[in-house]
Amino acid sequence: MHPIVMQKRARLLMRFAQQATQAAKATALDITEIRHFPVREPVSGNRYSLLRITTRSGVIGWGESRYDPNADVKALESAWIGRQANAYATIPPETPFRAALDMASLDILGKAAKAPVYRILGGPTRNKVRAYSHPYSEEFPVAVVDVPKPASRNQGKAYQNRILELANAVPADRDFILAANGLLTPGDAASVARTVEEKHPLWFDEPCAHSNIDALRKVASESVVPLGFGADIDDPGIFQALLREGLVDLVRPEIGIFGINGTRRVAALAEPYYVAVAPRHNGGPITTAAAIHIAASIPNFFIQHVPLPTAEEDRAMRREIVTPALETSKGGFLEVTKSPGLGITVNEAALEKYHAS
C-alpha cells in the first residue's frame, strides 16, 4: 500500500477512534436513575425536595427544588432517564423538579470534569460571596427590617413613624434591607420609600405587587431607594418587562424555581441594564451550594440570601444533610469551594431521618 494512502487511513482511524471515545464519554453521562427525597425541618416545618441523579458511569449528582406535593417524579423519570446530563440547558420550564434537575446535572458535569460547577460555567468572578440571613443572624451582619402589616390602605403619619423607628433601630454602621413582602399599595410603598430614603437601605424588597407596571412607576419615580422584585416570579419575561421599563434595581430570581442555569439567564437579562442580582433562596443547604456557584459565575452578583432557621434543631439538620458546612459565614461572606461539582457530600441516612411525609 502506498505510504500516502497508509497515512490517510491512519488519520481516519485516529479520527474515528476519537469520535468513538467522545461517544463513549457521552453515553457514560446517560441518566439511569432519579430518586426523590422530600425532607422537612423538625421545628420550622420548612420542606424542600432533593433529587439524586445517577449516570451510567456511576457519577451521582444532587439537586434541590422548592417542595411541591403535586410534582410528579414519575413524569420526570419518563422524560429524562436515558438522556444525557449535559442536556441541562434544554430543560423545559414546565419540567417537575426543574431546578433540582438543573443543579444535579451540573453537579455531574463538574464531577466528570473534576472541576467546580462555576468553572464549567466560565468563572470564577469572585473568591467569596457576600450573604445575609433572614431571620437575622449575627453571622451575617446585614439586617432585614420587615414593614408592619398595614391595617388598611393609605396608611398615615403614625405608620410612617413606625417605619422610621424600625429603621433607626438598625446600628448606623450596619447595612439593612427593607422588606414589604408585597403587602403595600403602590401609594403606601412610595411613601415608605421616601420615609427611609435618608437611611440608605440596600434596597426595598417587594414593596408592592409587580403586576401593574403603571402603578410601579409611581414607586420608582418618587424615591431613589433601589427596588427589588422576584417573589413568585417563574417567567423570565416578567423580569424582562420590569427591566425594560426601568422599574427594578435588583432582580431576585428564586433559585428553587430557576435552578443554576435559569438564574444565570435572568442575570444575563439584567446585565445590559446595569442591574445587580440578589437571588432568592428559601430552601435547604444544597440550594446554598448552588447559590455559591451562581455567585461565582456571574459578573453582576450583589448579595445572597441564606435562610438559616432560628431553631438549633433545624440548623443541625442542615449540617447533618450536607458536608462541608457551606452555610458558615466568615465576616458576612460564604467561601467559594474548590471541590468538583457542587463541592458537597450528601448524607442519605439523614434524608431518611428527616423525610417529609
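The values are calculated or read from the model by the stated rules, or taken from the named source; none is laboratory data. Everything numeric here is computed off the predicted structure, so don't read it as measured data. Please note: Cβ atoms are built from the backbone with ideal geometry, for glycine as well, and neighbour counts cover all protein chains shown.
Can you tell me how many residues in region 306-332 are closer than 20 Å to residue 123 by Cβ and crowded, with 17+ Cβ neighbours inside 10 Å?
So the answer is 2.
Return yes or no: is residue 104 assigned to a helix (DSSP H, G or I), modelled with pLDDT of 95 or more and under 12 Å from residue 34 (Cα atoms)?
Here the answer is yes, as residue 104 does meet what is asked.
Which one is surrounded by the fewest Cβ atoms within 10 Å (Cβ to Cβ) among residues in region 234-272 that are farther than 13 Å from residue 99 by Cα and touching a Lys or Arg at 6+ places or on another chain (Cβ under 8 Å)?
Only one residue tops the list, namely 245.
Return the residues of region 251-298 that are more than 18 Å from residue 121 (Cα to Cα), touching a residue at least 60 places away in the same chain (Cβ under 8 Å) and of a type in the set (Gly, Ala, Ser); say none if nothing qualifies.
256, 278, 283, 284
Could you grab me the full set of residues in region 240-281 that are in a helix (DSSP H, G or I), over 15 Å from the mean Cα position of the chain (by Cα) and over 14 Å from residue 297 (Cβ atoms)?
240, 241, 242, 243, 244, 269, 270, 272, 273
Answer yes if at least one residue in region 129-143 is in the same structural domain as residue 331 (by TED's automatic domain parsing), more than 23 Å from residue 279 (Cα to Cα) and in contact with a Lys or Arg (Cβ under 9 Å, 6 or more places away or on another chain), and no otherwise.
The answer is no; no qualifying residue exists.
Go over the candidates 307, 279, 299, 285 one by one and state the one that is more than 27 Å from residue 222 (Cβ to Cβ) and at pLDDT below 95.
307
Assuming residue 286 fulfils every condition listed in (1) outside any helix (DSSP H, G or I); (2) crowded, with 21+ Cβ neighbours inside 10 Å apart from one, which condition is it?
(1)
Results for (1) surrounded by fewer than 16 Cβ atoms within 10 Å (Cβ to Cβ); (2) part of a loop (DSSP other than H, G, I, E, B); (3) not assigned by TED's automatic domain parsing to the domain that holds residue 66, shown as yes or no for each residue.
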| site | (1), (2), (3) |
| --- | --- |
| 178 | no, no, yes |
| 181 | yes, yes, yes |
| 198 | yes, no, yes |
| 214 | yes, no, yes |
| 219 | no, no, yes |
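Which pairs do you get when a residue that is among the acidic types (Asp, Glu), found in region 328-357, comes within reach of a residue that is surrounded by 15 or more Cβ atoms within 10 Å (Cβ to Cβ) and not in a loop (DSSP other than H, G, I, E, B), reach meaning Cβ atoms under 9 angstrom, with the pair 6+ apart or on two chains?
Pairs found: 335/128; 335/129; 335/292; 348/37; 348/52; 352/37.
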